[in-house]
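Structure first, commentary second.
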Amino acid sequence: MEKFGDTRFGFSNIFSVMLILLLVVMLVGIIASLAFGTLPSLGTSGLVIPRVDSVTVQGQEVLRIQHKGGDTFQLNGSSSPFFPVISFTVETQTGREKARVDHSIQKYTFSSGDVLWIYRTGSGYVVTDAVTKVNTPVLFADGTCYLLFTDETRHIVIMRSGPY
């Protein structure tokens, strides 16, 4: 007959019960944290499937970005609780420069079917929504350049397109 506290079979009965109770309490705590939203969610970055072309406007190179599919984004320079914020950065051999959004842009969202234009002026790169708004472009960049799509909400580069 086995006696209470007999240790010939490994752990004691009290220790195994305490271990099971500890696991149950930890599991209840994790489930409660998830249910009440006290744990931060990992979240995901936005997805965009663009088509980027280098075209000539007024004798200078301009990048045309067509949103072929994916998520809707807010353009940098605006904020929205509904959509992630996207920015465009031109990367050349000399460094990176973020393109600023033209103040005359009509729609600050970038969704499927939309077309944006990036051109360079004397003060830097500019994003606009119509080719007719491209004014006084200068030489785009010396050598090859790349276009970086950055999800500003999550602070990660979604994709790198190029060379152009």
Residue list for the stretch 94-115, filter: modelled with pLDDT of 85 or more, not in a loop (DSSP other than H, G, I, E, B) and not small (Gly, Ala, Ser): Arg96, Glu97, Lys98, Arg100, Val101, Val115
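Quick check on my filter: what residues within the stretch 144-159 are farther than 17 Å from Val62 by Cα and either assigned to a loop (DSSP other than H, G, I, E, B) or not acidic (Asp, Glu) (or both)?
Of the stretch 144-159, the ones farther than 17 Å from Val62 by Cα are 150-159.
Listed by number, the residues that qualify are Thr150, Glu152, Thr153, Arg154, His155, Ile156, Val157, Ile158, Met159.
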Pair list, Cβ < 6 Å and 6+ apart or interchain, from the stretch 30-48 residues that are over 23 Å from Thr72 (Cα atoms) to residues that are at pLDDT 70 or above: Leu39/Ser33
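Does Gly29 fit the bill of being at pLDDT below 75 and not assigned by TED's automatic domain parsing to the domain that holds Cys145?
Values: at pLDDT below 75: no; not assigned by TED's automatic domain parsing to the domain that holds Cys145: yes.
Criteria not met by Gly29.
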Per-region count, the stretch 81-90, residues in a strand (DSSP E or B) and in contact with a Gly (Cβ under 8 Å, 6 or more places away or on another chain): 1
Index of the failed condition, Ala130 passing every other in (1) loosely packed, with under 14 Cβ neighbours inside 10 Å; (2) at pLDDT 85 or above; (3) of a type in the set (Gly, Ala, Ser): (2)
Residues located in the stretch 48-74, provided they are of a type in the set (A, V, I, L, M), under 16 Å from Pro163 (Cβ atoms) and surrounded by fewer than 18 Cβ atoms within 10 Å (Cβ to Cβ): Val55
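The values are calculated or read from the model by the stated rules, or taken from the named source; none is laboratory data. This structure is a prediction, so every number in the text was calculated from the model and none was measured. Heads up, the Cβs are rebuilt from the backbone with ideal geometry, glycines too, and the neighbour counts pull from every protein chain shown.
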